[in-house]
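Only one structure is covered here, and it is reproduced in the block below.
The values are calculated or read from the model by the stated rules, or taken from the named source; none is laboratory data. Because the structure is predicted, anything quoted here is derived from the model rather than measured. Cβ: placed from backbone, ideal geometry, glycine included. Neighbour counts: every protein chain shown.
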Amino acid sequence: MPASAPAPADLGGRTFVVTGANTGIGKETARDLAARGAHVVLACRSEAKTRPVMDELAAASPGARLDFVALDLGDLDSVRACAAALLARDQPIHVLVNNAGLAGVRGQTKDGFELAFGTNHLGHYLLTRLLLERVRGSAAPGVPARIVNVSSDSHYSAPGIDWDAVRQPSRTTTGLHEYEVSKLANVLFTRELARRLPPAEVTTYALHPGVVASDIWQRRVPRFVSFIPRLFMKNTRDGAATTLHCATSPEVATHTGRYYADRKEKRPSRVAGDDALAAELWDRSAAWVGLEP
């Protein structure tokens, strides 16, 4: 089976929330899920940019169940509004795919966090926490719900988390170090979620999608690395393969808190295996977004 081939399982009756689902690997993830009968909620910043994508997916899969919900991960008020809108629908959330992210962009979020950390980690942390009871309640006997966090092998380059730096604007010229830290946070968050959640209810996964020729590279990464030949990059369909594996494959149904690349389990960095750091990240994130740990 080629790397990009989806698992054959019928996903009818299952609801997936996918952040950043209107472009790149998020779009390909939504495309595959919709084609297999899932109800897919596309959580994206722009409705104007998402509706044409939904039309495209619906044309490719007649009868597909597709919905939009507004979400700007760099704005915690937007995250809260998104979660409230999803909960108001009184529908299950069988799988939450925290896919959206940015790289190589410098700045600070509306709430005062370093841009990559605030968007890639903290926004998803808050969204997941607010939806967690709905996700837990969507499990069925023998079929736990899933939370999938799209990370990156860039996390191997992060030596740790500077708690002061994540509360300030990006410091480096490229913003890539900050991206590495945010991706480390994704893996640590996945690990801590697994520690806190009964695996019979929810299983969690972090993953590296590969170096993908997606918008995150074409528009976001600094020019001095944008010359990387597409020949050596995955297309977005192949890039979505590991996300789909973690979100749907029965092969990993009993796994939790693990890290994957190329649809196989892989050992994350030593720092990503630091349980004390994972717990501290959880507690600090909770305080920053105004939740109890």
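Summary of values
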item: The listed residue being out of contact with any Lys or Arg (no Cβ under 8 Å at 6 or more places or on another chain) and buried (at least 16 other Cβ atoms within 10 Å of the Cβ), out of Val95, Val17; result: Val17
item: Residue that is farthest from Leu96 (Cα to Cα) [pool: residues in segment 146-181 that are buried (at least 24 other Cβ atoms within 10 Å of the Cβ), among the hydroxyl-bearing types (Ser, Thr, Tyr) and in contact with a strand residue (DSSP E or B) (Cβ under 8 Å, 6 or more places away or on another chain)]; result: Ser152
item: Unique match (being in a helix (DSSP H, G or I) and either under 16 Å from the mean Cα position of the chain (by Cα) or modelled with pLDDT of 80 or more (or both)) among Thr204, Thr243; result: Thr243
item: From Asp72, Asp67, residue being surrounded by 15 or more Cβ atoms within 10 Å (Cβ to Cβ) and in contact with a helix residue (DSSP H, G or I) (Cβ under 7 Å, 6 or more places away or on another chain); result: Asp72
item: Residue selected from segment 64-108 under the condition of a type in the set (Gly, Ala, Ser) and closer than 20 Å to Thr23 by Cα, by the criterion nearest to the chain's Cα centre (by Cα); result: Ala100
item: Ala103 of a type in the set (Gly, Ala, Ser) and over 30 Å from Leu291 (Cβ atoms); result: no
item: The lone exception for Ile147 - which of (1) part of a helix (DSSP H, G or I); (2) within 23 Å of Glu192 (Cα to Cα) it fails; result: (1)
item: Residues of segment 244-293 classified as of a type in the set (D, E, K, R) and farther than 30 Å from Asp10 by Cβ, total; result: 8
item: Test: residue in segment 123-138 that is among the hydrophobic types (A, V, I, L, M, F, W, C), touching an Asp or Glu at 6+ places or on another chain (Cβ under 8 Å), surrounded by fewer than 23 Cβ atoms within 10 Å (Cβ to Cβ) and at pLDDT 95 or above; result: no
item: Segments classed as strands (runs of 3 or more DSSP E), wholly inside segment 19-114, with at least 1 members that are closer than 24 Å to Gly210 by Cβ and touching a residue at least 40 places away in the same chain (Cβ under 8 Å); result: 39-44, 95-98
item: Subset of segment 207-240 (residues that are outside any helix (DSSP H, G or I) and at pLDDT 65 or above); result: Leu207, His208, Pro209, Gly210, Asn235, Ala240
